[in-house]
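Asks: Have a look at this one before I ask anything.
The values are calculated or read from the model by the stated rules, or taken from the named source; none is laboratory data. Computed from a predicted model, the values in this text were never measured in an experiment. Cβ placement follows ideal geometry from the backbone for every residue including glycine, while neighbour counts extend to all protein chains displayed.
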Amino acid sequence: MSIPFMFHFQNGSCQNLDEIPKDFNVFINGEEYLCSRWASSKISNSIKRFINENQKSPFSQKSERFKINLEDSGDIRLIVSLLCGQPIDFTTNSLTFLMNAAHSLEMELVLKEVNCIYQRLEYIEEQIDSDDNFSILCSIEKKLFNANNEIISNIDLIPYEIIDLINSIEIFDVPIIDSDDCFIENPEIIKLTDKNHQNRMQLLSNLILNVLIERIQHIDQYFKVLYRINDILVENGFDPLLPIFCDILLNKFKQLKPYSDAMAISQELCFIVYKLIEKEGIFKKDISFQNLPLFFAHLMNESQLKARLYFDIRDQTETFLTINKKNDFEIHRQFIQKGMNPDEIMTMIRFDDVSKVQNEAMKTNFDFNAKIQSSIYEQCSFVNSPLTYLEISAFFGSIKCFKFLLMNGAELTPNLPKYAIGGGNLEIIHICDQKECNFKDTLRIALKYHHHKIFKWLINTKSLEYWKDLDLIKDCFYFQNYKSLAVLLKKGIDLSLVLIESVKNNNLILTRFCSSINNNTDKTYMNINTKDEKGKTPLQIACINNNADIVTILLEDKNIDINSCIHHDDGKRILFLF
């Protein structure tokens with residue numbers, strides 16, 4: 001992902017930026033910087049006047065000094081680069097500073113560019129805030145995801161609220177449930193209704209699956225929501241939600257292969273599938289495939305189990321083998337039912353039982369920096385690797401254990417901030433910040449767990465470089481995080497990249513939103529023909545995905561190029577992809 005904004009003025013007679021001489025001294029807030037007299041006079045009217053007024057006297061390089069104090073404390077290097085004739089890259093965090101500095105130095109070109117950026121950001125923000133479908137997505141997300149990891153309180157009301165919200169998405173045209181139209185006789189309308197119902201159910205299933213993954217500790221409460229929505233639909237004569245949900249779940253589950261994206265949520269997927277088998281929403285035959293995870297050892301025959309243990313060296317421990325040989329997997333079944341690492345100290349920390357941890361610490365040779373090993377029974381993939389006690393307490397928000405471990409010299413590991421951000425406990429995050437922990441590479445974690453306030457804090461306060469990580473946009477779609485996507489859009493990320501991910505994910509709502517940004521104004525805010533890493537345009541991707549609805553939306557853009565070639569596929573054009 002590139003930096004959102006760039007400014008560079010024409011360098012006139014200088015053919016190469018490296019050839020611009022640095023022959024002019026500028027003092028900014030008392031610090032001396034060597035800049036270019038030519039570039040400074042071109043970009044700043046106040047410096048131009050200073051040079052012209054002093055040309056009558058023979059100044060030396062050392063004596064020709066321009067001094068200015070900038071009230072706003074920002075990145076002075078941006079101004080120095082401009083005065084050296086160099087291009088600058090910047091984000092929304094620097095806009096106010098650039099605006100104030102440009103006023104002080106009378107940089108008309110910079111002021112013009114910054115004003116254009118402000119207008120663009122204001123326009124995009126207006127489009128986001130006024131787009132009903134985008135707002136509905138964010139509202140459903142807010143209903144489902146509880147930022148404080150608390151158990152849902154109004155469990156009986158939520159299914160109706162979610163149905164009302166998804167029913168109001170205009171892009172699908174026909175509502176899920178319309179009490180005024182009990183009988184539909186026109187075959188074309190029936191076909192349209194079925195298709196729109198399918199679109200809505202796929203969208204809702206993905207949202208519910210993601211909330212189950214990211215709030216796995218509340219799986220029973222969210223299953224109540226899932227099953228109640230399913231019942232309401234059936235009661236009103238519509239196809240059930242559950243089969244669509246299970247198809248999407250099983251599709252992700254069957255992608256559990258080494259190095260696949262699904263491995264990052266492997267434990268959650270196993271636990272959800274197990275719970276649905278219990279409820280008979282999924283059957284054992286649905287998960288009978290070669291690479292079945294060891295979590296389902298109780299469903300394997302002896303040869304399958306031996307093969308799985310051979311390849312899964314990580315879990316080939318004496319404890320696990322003993323469990324398999326005794327009680328017909330009864331202990332194994334108890335562990336998978338709980339979905340928690342059976343390690344005793346991890347259980348103490350998980351539930352913030354500091355008194356038990358203190359008793360354990362009184363034992364001889366207790367190591368405050370010891371690590372707890374992974375387990376096939378742990379429901380949360382993010383903590384299913386060797387972690388220190390302090391890292392585990394940070395993720396589970398176990399503030400009492402966290403403080404106790406800190407007071408007794410537990411090490412602040414480089415990965416500690418990641419688990420603090422994942423856990424979302426503000427007090428623990430504040431302690432990490434006070435201890436000057438490095439929050440680098442934590443944005444994707446805040447995004448994954450839908451910690452929106454923390455996500456914005458990392459960008460605005462910790463100044464994390466959100467523009468450098470293309471995976472942030474991909475994660476917004478993978479984890480259905482529309483609120484964070486709105487934040488990134490308002491920060492000026494490349495809208496073309498959002499369009500590509502919208503099309504790849506068959507997201508009709510956000511494809512329409514991105515397309516409307518260009519169609520609702522005379523200005524071009526997005527390149528409709530931008531290419532992904534494989535050289536494919538959004539239109540080509542939509543054709544390959546056989547998504548006629550998205551193709552129709554993209555063809556509405558007057559700048560669409562239907563003759564664009566696919567770079568890595570023998571120059572095939574759109575015509576040959578249909």
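Asks: Step by step: first the residues of region 217-265, then only those that are farther than 20 Å from LYS143 by Cβ and among the basic types (Lys, Arg), then the one that is surrounded by the fewest Cβ atoms within 10 Å (Cβ to Cβ). Which residue is that?
Replies: For region 217-265, the residue satisfying everything is LYS257.
Asks: Considering each of THR511, THR537, THR521 in turn, give the residue that is surrounded by fewer than 22 Cβ atoms within 10 Å (Cβ to Cβ) and among the polar types (S, T, N, Q).
Replies: THR521
Asks: Residues to consider are SER385, SER374; find the one that is over 19 Å from ILE421 (Cβ atoms) and not in a helix (DSSP H, G or I).
Replies: Going through SER385, SER374 in turn, the sole match is SER374.
Asks: Let me ask something else. Collect the residues in region 383-412 that are within 13 Å of CYS432 (Cα to Cα) and charged (D, E, K, R), keeping them in residue-number order.
Replies: Answer for region 383-412, where residues must be within 13 Å of CYS432 (Cα to Cα) and charged (D, E, K, R): GLU391, LYS403, GLU411.
Asks: I'm trying to understand the selection: among the residues of region 237-273, which are of a type in the set (D, E, K, R), within 23 Å of GLN198 (Cβ to Cβ) and either under 22 Å from the mean Cα position of the chain (by Cα) or not assigned by TED's automatic domain parsing to the domain that holds TYR222 (or both)?
Replies: The one that is of a type in the set (D, E, K, R), within 23 Å of GLN198 (Cβ to Cβ) and either under 22 Å from the mean Cα position of the chain (by Cα) or not assigned by TED's automatic domain parsing to the domain that holds TYR222 (or both): LYS252.
Asks: Among the numbered criteria (1) at pLDDT below 95; (2) part of a loop (DSSP other than H, G, I, E, B), which one does ILE473 miss?
Replies: With respect to (1) at pLDDT below 95; (2) part of a loop (DSSP other than H, G, I, E, B), ILE473 is out only on (2).
Asks: If the Cβ limit is 9 Å and pairs must be 6+ apart or interchain, which residue in region 359-382 that is in contact (Cβ under 8 Å) with a residue 40 or more places away in the chain pairs with which residue that is surrounded by 12 or more Cβ atoms within 10 Å (Cβ to Cβ) and part of a strand (DSSP E or B)?
Replies: From region 359-382, the pairs are PHE368/THR388; ASN369/THR388; SER374/LEU387.
Asks: While we're on this one: If I ask for residues that are surrounded by fewer than 19 Cβ atoms within 10 Å (Cβ to Cβ) and part of a helix (DSSP H, G or I), which ones from region 100-111 would you list?
Replies: Of everything in region 100-111, those that are surrounded by fewer than 19 Cβ atoms within 10 Å (Cβ to Cβ) and part of a helix (DSSP H, G or I) turn out to be ASN100, HIS103, SER104, GLU108, LEU109, LEU111.
Asks: For region 509-524, indicate whether the set of residues that are assigned to a helix (DSSP H, G or I), more than 24 Å from PHE90 (Cβ to Cβ), among the aliphatic types (A, V, I, L, M) and in the same structural domain as ILE562 (by TED's automatic domain parsing) is non-empty.
Replies: For region 509-524, residues assigned to a helix (DSSP H, G or I), more than 24 Å from PHE90 (Cβ to Cβ), among the aliphatic types (A, V, I, L, M) and in the same structural domain as ILE562 (by TED's automatic domain parsing): present.
Asks: Further question on the same structure: Consider only pairs whose beta carbons are under 8 Å apart and that are at least six residues apart or on different chains; among these, list those whose first residue lies in region 104-123 and is within 11 Å of GLY492 (Cα to Cα) and whose second residue is of a type in the set (Lys, Arg) and surrounded by 14 or more Cβ atoms within 10 Å (Cβ to Cβ).
Replies: LEU121/LYS490
Asks: From the residues in region 112-127 that are hydrophobic (A, V, I, L, M, F, W, C) and buried (at least 16 other Cβ atoms within 10 Å of the Cβ), which one is farthest from ILE47 (Cα to Cα)?
Replies: ILE124
Asks: Restricting the search to region 390-415, which residues are among the aromatic types (Phe, Trp, Tyr) and under 12 Å from GLU427 (Cβ atoms)?
Replies: Residue satisfying the conditions is PHE402 alone.
Asks: For region 54-77, enumerate the residues that are more than 40 Å from the chain's Cα centre (by Cα) and at pLDDT below 85.
Replies: ASN54, GLN55, LYS56, SER57, PRO58, PHE59, SER60, GLN61, LYS62, SER63, GLU64, ARG65
Asks: Is there a residue being surrounded by fewer than 14 Cβ atoms within 10 Å (Cβ to Cβ), closer than 30 Å to VAL498 by Cα and at pLDDT below 90 anywhere in region 78-99?
Replies: yes
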